[in-house]
Amino acid sequence: DLSLYYRIYHPSLMNSQESPPLIVLHGGPSLPSSYLYPIVQHMPTSRSIIFYDQIGCGQSSQPADEQLYSIEKAVSDLKELVRSLGINKFHILGHSFGGVVAYEYAKSSLEDDNEQHQNCLSLTLSNTPANMVLSHEESGRLVQSINEEFILENSTAVLPVSRIVNDRFRKRHECRTENAPEPLVTAIQSRGVTFGPEAVRDYIAFPPAHLHSSSPRSVNAPNKLMPPVLLIRGEHDFVTEECIKGWRKIFTTDTTRGYREEVLNNCAHYCHLENPLGFGELIKNHCFINDY
């Protein structure tokens, strides 16, 4: 049997009606959830916050069978976690690849007509591309730009060029803190299984089937709408402006109860570590205004 490791902050408030819990999904796929724990420091103590390691990561099971790794399986695991915890209402925050899982969870909850899974009060996608192919292309473009910049400088550095370029890319487009934050360093050092690269790299977000533009929607079916969505990215994120255009096509039609975007200045891909206070305020307020 496979097991999911989870950690709950303020567990006594799990069934709070005033401040329903927040479920946080990590990225990767392969990073453990621990790099996201600092979020707790900038959230009110009146709300439970649930972190868990996806299968193949951290302290959860890491099976060798590649068939057990997929976006669909990750969504199924999240549904099972929600069911086993017995929570009726909750918010979801997904970082990077975790945002893909969060979106597909919310999407499948509408499509499968299972009311139990329609209790997501709000959705936050942080640094999440709507098109993974485009995201890889944009990352390549940014790396190439740094490489050309380095050549123009005619640097006499002893380090291999690729190492210098990669270091600049990390500091410019991944995490812009002066030193790499310890939670992130530790998480990267303890990477788990990088599953199904083709499934992840080829991922493109599509709207729920019944809300597709070619399918008319009844205005009297509010429960068939996506929950309010907050999209966050860093000003210098390798998940560029181009990478999020797909979300606008999905969320700014009549598929969603509400949608807004926030760009955190001087941040890249790990906004919660680069501007923890600003990031915390965004999450805290998004949850608060959608608690009911």
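The values are calculated or read from the model by the stated rules, or taken from the named source; none is laboratory data. Only a predicted model underlies this, so the values are computations on that prediction, with no experimental measurement involved. Glycine gets a Cβ as well: all are built from the backbone with ideal geometry, and neighbour counts include every protein chain shown. Heavy atoms of the whole protein, side chains included, go into the accessibility calculation; ligands, DNA and RNA do not. Shrake-Rupley method; radii C 1.70, N 1.55, O 1.52, S 1.80 Å.
Details
- Among residues of segment 192-207 being over 17 Å from Ser108 (Cα atoms) and at pLDDT 70 or above, the one that is surrounded by the most Cβ atoms within 10 Å (Cβ to Cβ) is Gly192.
- Every residue from segment 172-190 that is closer than 12 Å to Gly234 by Cβ and open to solvent by 60 Å² or more (accessible area, probe 1.4 Å): Arg172, Arg176
- Filter result for Gly94 (assigned to a helix (DSSP H, G or I), in contact (Cβ under 8 Å) with a residue 40 or more places away in the chain and under 19 Å from the mean Cα position of the chain (by Cα)): no
- For segment 29-58, the set of residues classified as assigned to a loop (DSSP other than H, G, I, E, B) and farther than 22 Å from Asn275 by Cβ consists of Pro29, Ser30, Pro32, Ser46, Ser48, Asp53, Gln54, Ile55, Gly56, Cys57, Gly58, listed by residue number.
- Taking segment 13-27 as the range and being of a type in the set (Gly, Ala, Ser) and under 16 Å from Gly280 (Cβ atoms) as the test, only Ser19 passes.
- Residue in segment 244-265 that is among the polar types (S, T, N, Q), open to solvent by 20 Å² or more (accessible area, probe 1.4 Å) and on the phi > 0 side of the Ramachandran plot present: no
- Positions within segment 17-46 being surrounded by fewer than 16 Cβ atoms within 10 Å (Cβ to Cβ) and more than 24 Å from Asn127 (Cα to Cα), in sequence order: Gln17, Glu18, Thr45, Ser46
- Only one of Ser162, Ser96 that is on the phi < 0 side of the Ramachandran plot and either open to solvent by 60 Å² or more (accessible area, probe 1.4 Å) or at pLDDT 85 or above (or both): Ser162
- Residues satisfying the stated conditions in segment 15-45, i.e. touching a Leu at 6+ places or on another chain (Cβ under 8 Å) and modelled with pLDDT under 95: none
- Single residue of segment 103-113 satisfying the filter (out of contact with any helix residue (DSSP H, G or I) (no Cβ under 8 Å at 6 or more places or on another chain) and assigned to a helix (DSSP H, G or I)) that is surrounded by the most Cβ atoms within 10 Å (Cβ to Cβ): Tyr103
- Residue match in segment 141-158 (condition: loosely packed, with under 14 Cβ neighbours inside 10 Å, of a type outside the set (Gly, Ala, Ser), at pLDDT below 85 and under 29 Å from Pro32 (Cβ atoms)): no
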